[in-house]
Amino acid sequence: MMKRKTWIDRLRGFCMLAILFDHTEIYYTGDNIVPYNFYVMNVLLLFFFLSGYLCFKKENQSWRKKLTTIFRTMLVPYLFFTTIIALPKALVHGYDITDTFLRILEGRASWFIATLMVAESLFVLAMWISKENRWIMACLSLVSMGGCLVFSKDYPDLYWQLENVLMALPVLHLGYLYHQHEAFFHPIHKLSSTFFLSLFIIFIKVYEVNIGANLLIEPIAVSHWAVFCIDFLVTTLCLIGVAKQLPRLPFLEWVGSHSLVYYFLSGGIPLTVSLLLTKIGFPYEGTYYHVCLAFFIVSILTSSLTFCIYKYAPLLVGKFR
């Protein structure tokens, strides 16, 4: 059995906590105080990249088995969690309940999970049909990116997040290629190289602020695609380098290995905590440490509920005792 790569769990754990922080900040303060471009786009794309990374296997693999795993560990949890959340979500936001359930069937109830599930399924099918031909996959990635540019502009809200799927496919392919040629990137992940990459990230983030770049990916509203791609590639390589050099961090790795459930809870729990804090007389009034306190409470509650789900209802996430 292949040894688990803990750096992947560390990186996914960091990305998941960043998403949880973003949702907490938005629900508690009503806005992104820390700009979206600073980190949200990067951590979301990193999930797609790591999914592509995990698709690569040196030994022969059953693509049919991979599709079955996607169905069991992603589609089933998507249908269950979005259905459970649908009623309270409709009541809180004043949505029509019928429309809320219809959005689940249309793949619009949880855009990120729907995108990841469909993109990974299509990627696996393409690898299976093409027999992992690199030229066919390269052409598919280029066509997919072109389709993303067209659909995101003219059809921004397609069934099962098709416009986001077209954006995610090239990122999955890059993750796959990175794993396939991982030895080539070893020098880039040395401490000195990672330091210079981090300096470049600061430079490009400042540049994005100065030119007013929009890197929003849900809905897709990227205003500077070249900057978007450079930012994604440099930040991804830097964060992978950091994750590989860090020592074991059990909590972060646990979050990363249970990130699917974290994501499903990353909307409801921050919203609930924000409403409760406001109701008991602890609203956000410009003091940022309040956001940090809210995030701490959200993290504890989300982790506790995730633990209970994996321990007492593993079938809901495709796990069998």
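The values are calculated or read from the model by the stated rules, or taken from the named source; none is laboratory data. Quantities reported herein were computed from a predicted structural model and do not represent experimental measurements. Note that each Cβ is placed from the backbone with ideal geometry, even for glycine, and that neighbours are counted across all protein chains shown. Remember, those area values only see protein heavy atoms, side chains included, never the ligands or the DNA or RNA. Shrake-Rupley method; radii C 1.70, N 1.55, O 1.52, S 1.80 Å.
Annotations
- Debye intensity ratio I(q)/I(0), log10, segment 26-133, q values 0.13, 0.15, 0.20, 0.23 Å⁻¹ (C-alpha model): -0.66, -0.82, -1.11, -1.23
- Helix-only [θ]222 nm of the chain, DSSP H runs n ≥ 4, -39500 (n - 2.57) each, per residue, nearest 500: -24500 deg cm²/dmol
- Compactness index (Cα Rg / 2.2 N^0.38 Å), segment 230-321: 1.36
- Residue ranking by accessible heavy-atom surface, 1.4 Å probe, largest first, among R12, R64 comes out as R64, R12.
- Segment 2-139 - percent relative contact order, Cα under 8 Å, separation 6 or more: 20 percent
- The value for segment 1-57 of Rg(Cα) / (2.2 N^0.38 Å) is 1.36.
- Note on the chain: GNM, Cα springs under 10 Å; of I300, I70, I220, the largest mean-square fluctuation is that of I300.
- Rg/Rh for the chain (Cα atoms only, Rh after Kirkwood) is 0.95.
- Counting only whole DSSP H helices of the chain, the ones at least 20 Å long by C-alpha along their axis and with mean Kyte-Doolittle hydropathy no lower than 1.0 are 36-55, 76-93, 111-130, 134-154, 191-211, 225-245, 259-279, 289-312.
- Rounded FRET efficiency, nearest 0.05, which uses the C-beta distance separating L276 from I188 and R0 of 41 Å: 0.35
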